[in-house]
Amino acid sequence: MENLIALLVAAPLLGAVVLLLGGRRLDGTGHLLGTVLAAASFVVGAVLFADMLGKGAEERTLTSTLYSWIPVEGFQADVAFRLDQLSMTFVLLITGVGTLIHLYSIGYMEHDERRRRFFGYLNLFLAAMLLLVLADNYLLLYVGWEGVGLASYLLIGFWQHKPSAATAAKKAFLVNRVGDVGLSIAIMLMFTTFGTFAFGPVLSSVDGASEGTLTAIGLMLLLAACGKSAQVPLQSWLGDAMEGPTPVSALIHAATMVTAGVYLIVRSGAIFNAAPDAQLAVVIVGAVTLLFGAIVGCAKDDIKKALAGSTMSQIGYMVLAAGLGPIGYAFAIMHLVTHGFFKAGLFLGAGSVMHGMNDEVDMRRYGGLRRYMPVTFVTFGLGYLAIIGFPGLSGFWSKDKIIEAAFAYDDGVRGWIFGGVALLGAGITAFYMTRVMIMTFFGEKRWQPDAEGNPPHPHESPKSMTIPMIVLAFGSVFAGGFFAVGDRFVNWLAPVTEFEHPHPVISVPAITTATVVVLLAGAAVAWAMYGRRPVPVEAPRGSLLTRAARRDLYQDDVNHVVLVRGGEHLTRSLVYVDHTLVDGVVNGTAAGFGGLSGRLRRLQNGYARSYAVSMFGGAAILVAATLLMRAV
Amino acid sequence: MNPVNYLYLAALLFTIGATGVLIRRNAIVVFMCIELMLNACNLALVAFSRMHGNLDGQIIAFFTMVVAAAEVVVGLAIIVSLFRSRHSASVDDASLMKL
Amino acid sequence: MSTLAAYATSTGEAVQFWILGTVAVVGALCTVLMRRAVHSALCLAATMIVLAVFYLANGAYFLGVVQIVVYTGAIMMLFLFVVMLVGVTAADSLKETIKGQRWLAALCGLGFGVLLVAGIGNAALRNFNGLGAANTARGGNVEGLAALIFTRYVFAFEITGVLLITAAVGAMVLTHRERTERARTQRELAEQRVREGKHLPPLPAPGVYARHNAVDIAGLLPDGTPSELTVSRTLRERGQVRDVSREAMEDLKALEQRSEERLGRDRAEHDRDGQEATR
Amino acid sequence: MSFPILTATAVLPAVGAIATAAVPAARRTAAKWTALLFSLGTLVLAGVVLARFEPGGDRYQLTESHAWIADFGVRYELGVDGIGVVMVALTALLIPFVIAAGWNDADPLEAGSRRWRPTQGFFALILMVEAMVILSFEATDVFLFYILFEAMLIPMYFLIGGFGDRAHAGTEEHAAAQRSYAAVKFLLYNLVGGLIMLAAVIGLYVVAGSFSLSEIAAARASGELEMATTTERLLFLGFFFAFAVKAPLWPLHTWLPNAMGEATAPVAVLITAVVDKVGTFAMLRFCLQLFPEASQWATPVIVVLALVSIVYGALLAVGQRDIKRLVAYASVSHFGFIVLGIFVMTSQGQSGATLYMVNHGLSTAALMLVAGFLISRRGSRLIADYGGVQKVAPVLAGTFLIGGLATLSLPGLAPFVSEFLVLVGTFSVYPVAGIVATTGIVLAALYTLVLYQRTMTGPVKEELRAMPDLKARELAVVAPLIALLLFLGVFPKPVTEIVNPAVEHTMSDVQKQDPRPEVEAAK
């Protein structure tokens, strides 16, 4: 069984290699190959899952060491895999959703001449993401971590001829790199503290290390998670990342890659448990991002960017839960999985809408689409209900648990604050998702012709696109309930992540009621604002908050002024300094010698008599020297 | 009188000759000044010969004369051919020793 | 003779040194300072003769004679010969053209002289052996020199012999111009003149005046300026052409003035005569 | 006595240089093939050396020793340790690529140009450089090393000054002036360094009475040879200065951008990937081994200089408008990492530094050679003259991206392994320095991706519409490099196995131990 683990990674990797090196011969069949290999990986995952279910809870962890990667004195890094319940969850999510999105992409990318390469990149992403969750040490995790970053870079910038796509790709990679610095430093700290960075030894010897060191490691891991999972303050890339094709947004920037930060925190739970300050930082980051993403999501008119804001916000929930410690880890992962279903479904629905609307993304130019795209409408609607936490659907089960856990944080003021934030977030979520729903599928048609003047002809998407949407909709509806009933999911993960029952500051039924009330209120407000009045095609100027939210609460502007402009000035002045000062000193010396030589050259006037004078003077000096030496 | 005075005289003549070489532009006169310097050296050598009581100084003076004769022959030949080509015997006219 | 060569100088030698030494220094200075090369050469010859006397006085009889024969007799004559060849009467300008050269030269000369004098003055040169023994050891100065030249210095001697021959050949090579083509006949020269179209007739004759040697006086053109063509190029280059153009005009002017005076006086006389006649 | 294989690795390219130069002027292709075959032969010999080298054996292996200048105790002494053998292999490996990449670079320019470009000379000079670099990696006699260290400047000078990049702004005369400026600057910088080193070499002989590395090191280790503290420090500085110019370390780096900018891309690779490595290699072999105490004394300053190099080089790379100068400044940054790894004196740092030398050679070669192919197509070195290349030449863009990703040390590619080892090695003794150096990876991403974005993505520029993709020859140059980068990225063990024992030796030279971890982790 251990040997199958490598196969999980190898299958999509093989696909990536073949598709990227294969050349145009594979243009006709490449997408099928990519999809088949992704599905093969899912099948292997399913086999391993079945095997795992057959074992006792404590014997479910599989490890497999392939070979010694970097053997250096005192520094041993292996290519080793660990498959436990946590990784298994991710493997199934990644390969499952991944396969569906491969399927979807066959239709979505049908007219793109570079479809083969797209599938190559998707396979590369799958391989890297699986490596990330299967790695048995932090360094190998780092490889996967950067690998998904690369795949994300390639896929965001897939339409490279669009300067905005290329810029967005670069931005995503760079912001992620800032997070990577955190991961690097965390690994180095682990190495100096424990002499190793393999999961087992590090996590089991946490007790020996000082709390300060652990807090430092925790904060660095948090920085890494912020980069990858688009948490404040490194969230700015996610909105721009929507420049990529929609399946990419669904797979990478909603369901899987952006949740890697949550995985990292949960995986390193032992470290965070021993460093409460770091945990607090995680919770704060989660809470802030939760509100930040939700507010941004309220103001965006671009359907994908609104969904991106929502993603940010939902991951904020997960990070918040992960920061709560053993009471939250399992819920974080549970929300991660349900979110994977409904958010991927929502994105695919959005893609389907765009597909039918000449790639229009502005929701103000949609309207009344429910009659033209019934399947999309239904699946999107189910996803919508799931995400706002409508009782009974997936999102309700997972989000409600997180809100409960947040109220249970620290029994006191903190519980109230973070519980309140989580509750407020649920309300805002209901508001902006209802807004998206209404603007897209209800109301009157506000369709506009595209740049070439063709009016849109909305139509239902082909089967290859609708089937994945339907499957995901099933997940959106039933997964949460399946997980939550009898604490199945919690029990499944508990051996890895530990679990404690949360004790909220107020009673659980009260919280549940409050949640339902808040989300109904949010939805009602949205209905009042967008459902009962016509939506203007041109966006109104809006309030101060709306304008700020449209601009991502000015975070990009701050980045631009501080980092981009500042950086430009810095590099420009450094280039100047290098040229004038560092080089100038040398060139100045050279010029000085040149000038001196020029002066001295005049002594060489060509007149023999002049030379004779110098000879004579030299002779005189020699005589003088001789006499002096004799005299001394 | 001390025979050292011959040395003083030789030094004086040598200096005058050297200064002449530096001052004059006419190649022939420059040559004469060089001869003057050589003669001054000869005088000193002869005086040394007398002081030390052996003849080696005179031998060297003798060789000096021979070499001076050879040098004059070649030098004057050079001056003549220079004059032929340049219609001038000034040493400053031959200032090609620079870039 | 042997006493002369001894280290103790006699009063006579002292007197001779001071007189002839002065002459030698003056001769040397004149060599440097005379404007005409020929004068320099003569002054140098005088200095050399004085030096010959000093050699004799120092007991270097052979060298003294050689100095007169070789230096004064041969080398200086060679100098004079070349001076004549190059232009005997051309006077050099003593104006310095290289900036600072004269000052530097003077400074170096003075410094060097002072250094030499100081060096000699500092040297311990008090005990002289005198040349007597050396000069008489083999029977005389010449024999003594000969013994040395042909024994210890024989290689140097032979090499200087080679050097002399080389120098003689070198001088010939340097000054000799090989005629590489046949000399042109008079006819060819004439034809060339016709082809070039200048001076077809013979060059104009120099000016001829009764009072002058005519060759060095340029003939005058109709406007009274001298014509370059009428005098030899060599004379021109030496600057020995005399310009009489102004002289002639002045002569004429003087003549006219004189005749004016004469005529004026005549007229006055005539007037007076006339007045007297009318009276 | 066994076959002198080390001498052979240097003699073969030297013979090749003569043979190439001797090919008649009209038969340019024959000369190219001669050069290529000789360089491949050298590669085979280097492979033999690598195979005969036993990682666990003596410190110096395959040694040769002959008297040379007996009066001064100068010997012709060769021998390779793990680091040397790796560097020899790297050099022998890269030269065939350099030759193949520069296949047409030295052809005569179009008619009407007055510049004379002797094709034979170009390839002969490259082989000459190879011979000297290889021998300098093998020399264990300080004097012999010094001679080679200086002598390799001569062919390099002519390669830089004589065979400029065809792509240049402005007139031919202006370009020639730039080129000669670059060549003279290269020469002067290195000569000044060499001069100071010569003084130190002589000083070492005066103090130690020998030029033999092993003798001096043994005498030092056994305590027979006592050096006064000041003497040792001065000698160390003399050596270090020369190597820091060569490496190049801030602020002695400014010759590199000029030289790399003006030279043809293969020669630029030769400079940065091969010749400059002699500097860092010599720091490891001579500075640390001969002057361990002084090396430790100077470590704080050198670490700071290396950090400045890393950050400064990267920032300047961001600010460049010229592709080749950008790569040059990136190299300055990378050399900062190498020097950092050498002087933090931990096993990880030194293994990383050695590995870095190899990986930087490969990654810079890949990036620079592809950049050279790109530049030769458009005839411009300015980034602003490009755009949208990805659309017309996807293979070229792809290889360029991989070269760039290697430069920014993406995990999975070889440079990551070495960079991380250097960082870990640094962090374990100087945490702050480690953190500062880590920020270099963000800047590396910045300059690489900005370069890629501006040249390869966006709308296609009008002038580039007809640009051809990589030809077979060019692909044959780049593909093996990329394959190696990938291979060493996922499986660096073959190299680390050879390097590790040598690093242990060096660590014992400087009498340093790796810091123990705070907590003994449970197994």
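For the reader, a short list of remarks on this structure follows.
- Members of segment D:432-480 found to be more than 22 Å from residue D:377 (Cα to Cα), among the β-branched types (Val, Ile, Thr) and crowded, with 16+ Cβ neighbours inside 10 Å, listed by number: D:435, D:436, D:438, D:439, D:441, D:442
- Matching option when the condition is in contact with a helix residue (DSSP H, G or I) (Cβ under 8 Å, 6 or more places away or on another chain), touching a residue at least 60 places away in the same chain (Cβ under 8 Å), over 23 Å from residue D:348 (Cα atoms) and not in a loop (DSSP other than H, G, I, E, B), among D:259, D:298, D:282, D:294: D:259
- Every condition in (1) of a type in the set (A, V, I, L, M, F, W, C); (2) out of contact with any helix residue (DSSP H, G or I) (no Cβ under 7 Å at 6 or more places or on another chain); (3) more than 7 Å from chain C (Cβ to nearest Cβ) holds for residue B:51 except the one numbered (3).
- Under the condition of being within 7 Å of chain C (Cβ to nearest Cβ) and part of a helix (DSSP H, G or I), the residues counted in segment B:72-89 number 10.
- Residues within segment C:153-173 that are more than 8 Å from chain B (Cβ to nearest Cβ) and outside any helix (DSSP H, G or I), tallied: 0
- Verdict on residue D:475 being more than 11 Å from chain A (Cβ to nearest Cβ), in contact with a Gly (Cβ under 9 Å, 6 or more places away or on another chain) and not polar (S, T, N, Q): no
- Across segment B:6-22, a minimum of one residue is classified as more than 7 Å from chain C (Cβ to nearest Cβ) and either of a type in the set (S, T, N, Q) or closer than 16 Å to residue C:63 by Cβ (or both).
- Output for segment D:55-98, where each listed residue is of a type in the set (Ser, Thr, Tyr) and either in contact with a His (Cβ under 7 Å, 6 or more places away or on another chain) or part of a helix (DSSP H, G or I) (or both): D:76, D:91
- Taking the criterion of being aromatic (Phe, Trp, Tyr) and assigned to a strand (DSSP E or B), the only residue of segment A:79-99 that qualifies is A:81.
- Residue in segment D:230-242 that is at pLDDT 90 or above, within 14 Å of another protein chain (Cβ to nearest Cβ), part of a helix (DSSP H, G or I) and closer than 30 Å to residue D:96 by Cβ present: no
- Single residue of B:38, B:45 found to be farther than 20 Å from residue C:86 by Cα, more than 7 Å from chain C (Cβ to nearest Cβ) and either under 12 Å from the mean Cα position of the chain (by Cα) or among the acidic types (Asp, Glu) (or both): B:38
- Looking only at segment D:184-207, and only at residues there that are of a type in the set (A, V, I, L, M, F, W, C) and within 14 Å of another protein chain (Cβ to nearest Cβ), the one that is farthest from residue D:149 (Cα to Cα): D:184
- Of all residues making up segment A:356-405, the number that are out of contact with any strand residue (DSSP E or B) (no Cβ under 8 Å at 6 or more places or on another chain) and in a helix (DSSP H, G or I): 32
- Residue in segment C:128-150 that is hydrophobic (A, V, I, L, M, F, W, C), within 10 Å of chain B (Cβ to nearest Cβ) and in a loop (DSSP other than H, G, I, E, B) present: yes
- Top-ranked residue in segment D:202-216 [being in contact (Cβ under 8 Å) with a residue 12 or more places away in the chain and surrounded by fewer than 19 Cβ atoms within 10 Å (Cβ to Cβ); ranked as nearest to residue D:505 (Cα to Cα)]: D:214
- Scanning segment C:162-188 for residues that are farther than 23 Å from residue B:73 by Cβ and surrounded by 10 or more Cβ atoms within 10 Å (Cβ to Cβ) yields a total of 2.
- In the condition set (1) more than 11 Å from chain A (Cβ to nearest Cβ); (2) in contact with a strand residue (DSSP E or B) (Cβ under 6 Å, 6 or more places away or on another chain); (3) closer than 27 Å to residue A:143 by Cα, residue D:381 is compliant with all but (3).
- The helices (runs of 4 or more DSSP H) found entirely in segment A:164-247 that carry 3 or more residues being at the interface with another protein chain (Cβ under 8 Å from one of its Cβ atoms) and either without any contact (Cβ under 8 Å) to a residue 40 or more places away in the chain or out of contact with any Asp or Glu (no Cβ under 8 Å at 6 or more places or on another chain) (or both) are A:199-204.
- Once segment A:541-573 is narrowed to residues that are of a type in the set (Gly, Ala, Ser) and within 23 Å of residue A:299 (Cβ to Cβ), the residue that is surrounded by the most Cβ atoms within 10 Å (Cβ to Cβ) is A:549.
- The listed residue being crowded, with 24+ Cβ neighbours inside 10 Å, in contact (Cβ under 8 Å) with a residue 60 or more places away in the chain and part of a helix (DSSP H, G or I), out of D:248, D:266: D:266
- Among residues of segment D:388-408 being in a loop (DSSP other than H, G, I, E, B) and within 9 Å of chain A (Cβ to nearest Cβ), the one that is farthest from residue A:165 (Cα to Cα) is D:408.
- Residue A:215 meets the stated requirement of being hydroxyl-bearing (Ser, Thr, Tyr) and more than 22 Å from residue A:551 (Cα to Cα).
- Once segment A:1-48 is narrowed to residues that are among the hydroxyl-bearing types (Ser, Thr, Tyr) and assigned to a helix (DSSP H, G or I), the residue that is nearest to residue A:95 (Cα to Cα) is A:41.
- Residue within segment A:590-607 that is surrounded by 12 or more Cβ atoms within 10 Å (Cβ to Cβ), under 30 Å from residue D:316 (Cβ atoms) and within 14 Å of chain D (Cβ to nearest Cβ) present: yes
- Boolean, residue A:346 is in a helix (DSSP H, G or I) and crowded, with 24+ Cβ neighbours inside 10 Å: yes
- Residue check, residue D:305 crowded, with 23+ Cβ neighbours inside 10 Å, touching a residue at least 40 places away in the same chain (Cβ under 8 Å) and in a helix (DSSP H, G or I): no
- Residue selected from segment D:1-46 under the condition without any contact (Cβ under 8 Å) to a residue 24 or more places away in the chain and outside any helix (DSSP H, G or I), by the criterion surrounded by the most Cβ atoms within 10 Å (Cβ to Cβ): D:27
The values are calculated or read from the model by the stated rules, or taken from the named source; none is laboratory data. Note that the structure is a prediction, hence the values are computed from the model and not measured. Cβ sites come from the backbone with ideal geometry, for glycine too, and all protein chains shown count toward neighbours.
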